[in-house]
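Contents: one structure, followed by commentary.
Where a number appears in this text, it was derived from the coordinates with a stated rule and is not lab data. Remember, it's a predicted structure, so these values are computed and weren't measured experimentally. A quick note on method: Cβ atoms are made from the backbone with ideal geometry, for glycine too, and the neighbour counts reach across all protein chains shown.
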Amino acid sequence: MELSIAIEDTSKRAALFGATDVNLRLIRTAFEVHIAARDGCIHLTGSPAAVRKASGVFEELQRTLRDSPALADGEVEAAIARSAESERMDRGESIDVFGNHAPIRPKTSTQGEYVRAVLENDATFCLGPAGSGKTYLAVAVALMLLKRKKIERIVLARPAVEAGEKLGYLPGDLQAKVNPFLRPLFDALNDMMGFDQIKRFMENDIIEVIPLAFMRGRTLNKAVIILDEAQNTTISQMLMVLTRMGMGSKMIVTADQSQTDLPPGQPSGVLDAVGRLGAVKGVAVVRLEKTDIVRHPLVQRIVEAYGRDERTGR
């Protein structure tokens with residue numbers, strides 16, 4: 001297969017190619033393609049899959065150079081890695097987690113876009129109804145990255161907000177008090193790992209499940225940070241958690257904007273963040289719909305019925 005890609009800004013050709021064409025050599029070696037540059041174009045020759053992946057890297061690098069005079073150290077290697085991960089997901093390959101769990105695959109095309117967005121961006125916001133796979137897929141991708149040693153830990157956080165009812169003073173120590181709020185995150189973990197492995201990872205702080213308030217003041221390096229039920233965060237809480245990201249980390253924020261438990265009149269931090277950050281480089285926003293729901297078929301019809309009421313005001 002042959003493919004030609006136009007060089008968008010010839011004044012940045014040296015930045016795109018690298019000193020002594022080092023970037024071209026990296027891409028050629030990674031994907032086993034022949035690369036030639038002439039007439040203001042990059043010409044790729046190789047297998048269809050290899051050419052597709054290499055062209056994706058060049059397109060990403062050119063997008064980066066639109067807003068920057070040069071590529072940062074490691075930018076080309078990172079783009080190569082993202083292209084390889086994205087290609088695997090495009091082919092429908094499974095998300096490999098731990099133990100003997102059956103392969104996990106996105107069930108819909110939008111879920112596939114969600115997984116690719118997480119792999120290709122440092123921060124991903126996923127908005128969608130109950131049962132659309134927001135939390136489950138986030139945990140699955142985090143475990144895959146942990147298993148492949150791309151990260152060193154997973155931090156799962158959730159705001160401790162009661163769902164429309166006051167539970168009073170809960171008995172027990174701190175862990176016993178917050179466990180009911182964090183139970184959905186444990187459910188996802190339990191579905192993908194054995195109990196003994198979860199216990200060992202938690203004892204060694206490889207996996208940490210905490211209330212949102214406990215994130216303040218921390219910097220988390222080489223981690224996947226998953227903020228679940230983010231529709232229940234305030235604007236200041238969202239700013240706090242987003243700024244916990246350290247080097248080599250990814251942030252995944254999931255929310256169902258139809259199920260907020262904030263006080264009346266209190267703006268949701270996640271909607272504010274999406275409005276502010278939707279166009280920021282390195283941030284992706286994915287919206288799942290009722291067609292992405294993979295729970296009991298009745299759940300999809302329930303979501304649709306409540307959605308009709310919201311649209312009509314009845």
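Overview of values
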item	result
Under the Karplus curve 6.51 cos²θ - 1.76 cosθ + 1.60, θ = phi - 60°, whole-Hz ³J(HN,Hα) for the stretch 242-255, x wherever Gly or Pro sits	5, 8, 7, 5, x, 5, x, 10, 10, 10, 10, 10, 10, 7
For ALA284, residues with placed amide H under 5 Å, excluding near neighbours	ALA123, THR124, PHE125
For the stretch 2-90: rounded, prolate or oblate by the Cα gyration tensor [a/c cutoff 1.5]	oblate
Too-long pairs where the Cα-Cα distance tops 23 Å, listed order kept, from LYS147/LYS250; LYS107/LYS281; LYS53/LYS222; LYS134/LYS290; LYS149/LYS290; LYS107/LYS199	LYS107/LYS281; LYS53/LYS222; LYS149/LYS290; LYS107/LYS199
Highest to lowest packing among 241-253, 35-47, 268-280, scored as the average C-beta count within 10 Å	241-253, 268-280, 35-47
Karplus (6.51, -1.76, 1.60) ³J(HN,Hα), θ = phi - 60°, over the stretch 226-233, in Hz, Gly and Pro reported as x	10, 9, 9, 6, 6, 5, 9, 9
